[in-house]
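Scroll down for the structure; my scribbles are underneath it.
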Amino acid sequence: MCSVPLLLSSVLDPRFTADDVAAVTSDRATAGRDAGRYGKLTEHFEGLTMQRDELIKRIKETAYLEGDFTLRSGKKSKYYLDKYRFETQPDILAALGLEFARFVQSSTTLIAGAELGGVALAAATSLATMKPFVIVRNSKKGYGTGNLFEGVITAGDSVLLVEDIATTGGQVIEAAQAIREVGAKVERIVAVIDRLQGAGQNITEAGFEFNALFTKADLGITA
C-alpha cells in the first residue's frame, strides 16, 4: 500500500485526479501498471518535504518566544517553545510526520501520542506510515467509556511513542508506563525537541529508548 502522503498530494495539487490517487492505493501491482501516475505523485510529494535546516528554521520562527515562563515541569525559563504554534502549521506538521516515520520499524504496529501536544504528531506520523495511532489521556475520563486510551491498543502491540517538547520527560514517561501496563511494548520515545534539561536521562533510567529530532542547540538556543 502506498503511503498517505501521496494521497495528500492530490488535495494539495488539483492536477491530481481521483484516478491518479486510485492508481496508487490498491496494491503494488496496480502501482506498477500505473507507474507514470505513481511517479508523478511521488515526485510532487518530494517537493513538499523539508531539508533539516529548513525545518529547524520554520519551527524556530514559528514557535520560539522570549520572556519569563513557567514550564509544565515547574522549571523557570527565559524562553518558550510553543508546540501548538508549530504543530498547527500544515507544512511543519507534515514534515515532522515524515521525520518520525524514520523511526518506525517492521515490528511497529502502533503510533501513540499523549494529550494534548502529542495528538497531532501521532496523527501526522500515522498518515505518513499507514499505521494506526492511539491517544494517551492524562487520566481516565469520568464519562462514556472511561478509557485512558482513545483508539485501539492491545497487549502485544509494539508502539512508537511521539512527543513534542522534552524537558524532564515526566509526562511522556507516564504515557509510556501506561502503554506497558496494558501489555504493549514501547519500542522508542521520540521527541521533536529536547531542551537538554534531563529528559533523556530520565527516560532512559525509566527503561525506555529515547531520541529527539532536534535539540535546543540545533535551534541555536543558548539560554
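Of everything in the stretch 54-92 that's aromatic (Phe, Trp, Tyr) and surrounded by fewer than 20 Cβ atoms within 10 Å (Cβ to Cβ), which residue is farthest from the chain's Cα centre (by Cα)?
The qualifying residue farthest from the chain's Cα centre (by Cα) is Phe69.
Look at Val4 and say whether it is at pLDDT below 50, touching a Phe, Trp or Tyr at 6+ places or on another chain (Cβ under 6 Å) and over 30 Å from Ala223 (Cβ atoms).
no
Being under 17 Å from Ala122 (Cβ atoms), among the β-branched types (Val, Ile, Thr) and in the same structural domain as Thr125 (by TED's automatic domain parsing) is the requirement here; does Ile193 meet it?
yes
Given the criteria in a loop (DSSP other than H, G, I, E, B) and not aromatic (Phe, Trp, Tyr), does Leu196 qualify?
The answer is yes for Leu196.
Check the stretch 143-153 and report whether any residue there is surrounded by fewer than 24 Cβ atoms within 10 Å (Cβ to Cβ) and under 21 Å from Ser73 (Cα atoms).
Checked the stretch 143-153: no residue is surrounded by fewer than 24 Cβ atoms within 10 Å (Cβ to Cβ) and under 21 Å from Ser73 (Cα atoms).
Any residue at all in the stretch 139-158 that is farther than 27 Å from Leu71 by Cα, in contact with a strand residue (DSSP E or B) (Cβ under 6 Å, 6 or more places away or on another chain) and of a type in the set (A, V, I, L, M)?
Within the stretch 139-158, one or more residues are farther than 27 Å from Leu71 by Cα, in contact with a strand residue (DSSP E or B) (Cβ under 6 Å, 6 or more places away or on another chain) and of a type in the set (A, V, I, L, M).
Here are Ala95, Ala114, Ala124: which of them is farther than 29 Å from Thr222 by Cα, of a type outside the set (Phe, Trp, Tyr), out of contact with any Asp or Glu (no Cβ under 6 Å at 6 or more places or on another chain) and surrounded by 20 or more Cβ atoms within 10 Å (Cβ to Cβ)?
From the options Ala95, Ala114, Ala124, the qualifying one is Ala124.
From (1) of a type in the set (Asp, Glu); (2) more than 23 Å from Arg58 (Cα to Cα); (3) more than 15 Å from the chain's Cα centre (by Cα); (4) surrounded by 15 or more Cβ atoms within 10 Å (Cβ to Cβ), pick out the condition that doesn't hold for Glu187.
Failing condition for Glu187: (3).
Hey, among Val152, Val134, Val172, which residue is assigned by TED's automatic domain parsing to the domain that holds Tyr80 and in a strand (DSSP E or B)?
Of Val152, Val134, Val172, the one residue that is assigned by TED's automatic domain parsing to the domain that holds Tyr80 and in a strand (DSSP E or B) is Val134.
The values are calculated or read from the model by the stated rules, or taken from the named source; none is laboratory data. All figures in this text were calculated on a predicted structure; none of them were measured in a lab. We place every Cβ from the backbone using ideal geometry, glycine too, and count neighbours over all the protein chains shown.
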